[in-house]
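Contents: one structure, followed by commentary.
Bear in mind that the values in this text are calculations on the coordinates, not laboratory data. For clarity, every value in this text was computed on a predicted model and none was experimentally measured. So basically every Cβ, Gly included, is an ideal-geometry build from the backbone, and we count neighbours across all protein chains shown.
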Amino acid sequence: MSEPAEPRFHEPGAHWRTVALGPVLCVVVLAVELLTGPVVHWVSLPVIALVLSGFAYVTVVAARRHVSVELTAATLRLGTEELPLEEIDAVLPPADPRAREPERWETARPLGELSNVPRGRTAVGLRLRGGALVRAWARDHERLRSELGTVLAERADPPLL
């Protein structure tokens, strides 16, 4: 079986360190209680830490599954949707923020199974073979746009042997 292609661009969607924030906060509260007061919440603080970690775990798993981005030499994956790069005809220029009317690609279907571009991400317009317009998205949209352009340029100009 062949090795998976090395990603040229990757955003995980969320970081696992987020799960540790609740327990760290509870340890800080415990330290403050030990140093300042006669009441120490030995039972409730671990329960609160566990609950916060549980909610954070679910959120991180969902974000890593539905909001991650990966670009390899062969595919662009946004969330759970994979788009072969052979289907991409062009990376469209960024939208003008001062324009009165949005570009056609700004209202196109976003890639991934989400109904819109996720919060905190910026759309990158793509024209597919056949003329359809779609929106890719990423936090670092400028780098994604650049890497997509590079990959498509390499595909158009194969190296001479």
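Mind telling me which of T72, T36, T18 comes out most flexible in a GNM of the chain, alpha-carbon contacts under 10 Å?
Of T72, T36, T18, the most mobile in the Gaussian network model is T36.
Once you've got the GNM for the chain with C-alpha springs shorter than 10 Å, pick whichever of L71, L45, L34 has the biggest mean-square fluctuation.
Comparing L71, L45, L34 in a Gaussian network model of the chain, the most mobile one is L34.
Would you look at the GNM of the chain, springs on alpha carbons closer than 10 Å, and say which of L92, L144, L52 moves the most?
L52
With +1 on each Lys and Arg Cβ and -1 on each Asp and Glu Cβ, how big is the dipole of the stretch 1-104 about its Cα centre, in debye rounded to the nearest 20?
560
Show me, for the stretch 93-105, the HN-Hα J-couplings you get by feeding each phi into the Karplus relation (A = 6.51, B = -1.76, C = 1.60, θ = phi - 60°), rounded to Hz, glycine and proline as x.
For the stretch 93-105, the Karplus curve yields x, x, 6, 7, x, 8, 5, 6, 10, x, 5, 4, 6 Hz.
Give the angle, between 0 and 90 degrees and rounded to the nearest 10, that separates the Cα long axis of helix 21-36 from the longest principal axis of the Cα atoms of the chain.
30
Report ³J(HN,Hα) in whole Hz for each residue of the stretch 122-137, in order, from the Karplus equation J = 6.51 cos²θ - 1.76 cosθ + 1.60 where θ = phi - 60°; Gly and Pro get x.
So the J values, rounded to whole Hz, are 10, 6, 10, x, 10, 9, 8, 4, x, x, 5, 10, 9, 10, 8, 7.
Using only the alpha-carbon atoms, how far is helix 141-156 inclined from the longest principal axis of the chain? Give it as 0 to 90 degrees, nearest 10.
On a 0 to 90 degree scale, this one is about 40.
Could you tell me what percent of the DSSP beta bridges with both partners in the chain are antiparallel, to the nearest 5?
90
How big is the antiparallel share of DSSP beta bridges in the stretch 85-156, given as a percent to the nearest 5?
Beta bridges within the stretch 85-156, antiparallel portion: roughly 80 percent.
Rounding to the nearest 10 and keeping the result within 0 to 90°, find how far the Cα-based axis of helix 44-66 lies from the longest principal axis of the chain.
The angle comes out near 10 degrees.
Limiting things to C-alpha atoms, what are the Rg and the maximum Cα-Cα separation (Dmax) for the chain, in angstroms?
Rg, Dmax (Cα atoms, Å): 21.9, 78.
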